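The structure appears below as structure tokens.
Just so you know, all these numbers are worked out from the coordinates, no wet-lab data involved. All values reported here derive from a predicted model rather than from experimental measurement. Positions of Cβ are backbone-derived with ideal geometry, glycine not excepted, and every protein chain shown enters the neighbour counts.
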Amino acid sequence: MEKSIENIWKEGFLKSDALVAPKLNDLYNQKSKHVIDKFKRMFKINLIAIVVFAFIILAATTFNGLPIIGISWFLILIGLVVVNKKLTSSLEKIDYHKNSYEYLMSFNKWLQEQLAINRKMARLYYPLFFISVVVGFWFVDAEGVPLGQRLVGEVLYGFPDIYLVNGIPLLGIVLVVIIAGLLMLFGGRIYNLDVKIVYGRMFKKIKELITDLEELRS
């Protein structure tokens, strides 16, 4: 039986070597490759920016007497870059010679895995950022005395009966733990917001391309 027009139409999209609708095939292939190449460039630039920012933070905080904050943030940021650099190596293995739909789906699978890993890390590094700031300011020199001890002294002057744990007000410890816990709980959502700001438009284009191709397949 002769192929219907609809089947011939679909075949033109699903087979990279099809003789049907070659211009449309080329169009989607070019669009897919262009969007993914743009993502790769942005991703690489962002990693470089994180490294630069890490060194700036390290230098600025060390110069201003906050080395604990600088070293902590530097190690966290460099760790993020190392992990994402390794994730990028698997992205390079995706065969862009596939037809546009397979190429996009392979990329989208990699993207979702990469986002999932970073969401998990965000639940850890956002609390660590916060705790490093608290610890860093606690030990900053305040006229020969750590700032934390000076603040505790002032608190005790106004509230002499406040309960202390190893010289630290229990209320302060509880407050830090609550904030760190909230950052851990909502770290994934904060990460999603950051990613949406940077890559939101690109993700939308990728989703639109996949939707278009899936409609043609149906």
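Just a few scattered comments:
Residues are listed down the side, and each one gets a yes or a no for (1) more than 15 Å from the chain's Cα centre (by Cα); (2) assigned to a helix (DSSP H, G or I); (3) small (Gly, Ala, Ser):
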| site | (1), (2), (3) |
| --- | --- |
| ASN46 | no, yes, no |
| VAL51 | no, yes, no |
| ILE57 | yes, yes, no |
| THR61 | yes, yes, no |
| GLY65 | yes, no, yes |
| ILE68 | yes, yes, no |
| ILE71 | yes, yes, no |
| LEU75 | yes, yes, no |
| LEU87 | no, yes, no |
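- Any chance LEU80 is hydrophobic (A, V, I, L, M, F, W, C), surrounded by 12 or more Cβ atoms within 10 Å (Cβ to Cβ) and over 30 Å from GLY144 (Cα atoms): yes
- Only one entry in GLY153, GLY148 is touching a helix residue (DSSP H, G or I) at 6+ places or on another chain (Cβ under 8 Å), outside any loop (DSSP other than H, G, I, E, B), within 18 Å of ASN166 (Cβ to Cβ) and of a type outside the set (Asp, Glu), namely GLY148.
- Hey, ILE178 of a type outside the set (Asp, Glu), touching a residue at least 24 places away in the same chain (Cβ under 8 Å) and part of a helix (DSSP H, G or I) or not: no
- Counting only residues that are under 30 Å from GLU102 (Cβ atoms) and of a type outside the set (Phe, Trp, Tyr), region 36-60 holds 10 of them.
- Residue match in region 103-121 (condition: surrounded by 17 or more Cβ atoms within 10 Å (Cβ to Cβ), among the small types (Gly, Ala, Ser) and touching a Ser or Thr at 6+ places or on another chain (Cβ under 6 Å)): no
- Being closer than 30 Å to ASP95 by Cα and under 19 Å from the mean Cα position of the chain (by Cα) is a property that does not hold for LEU128.
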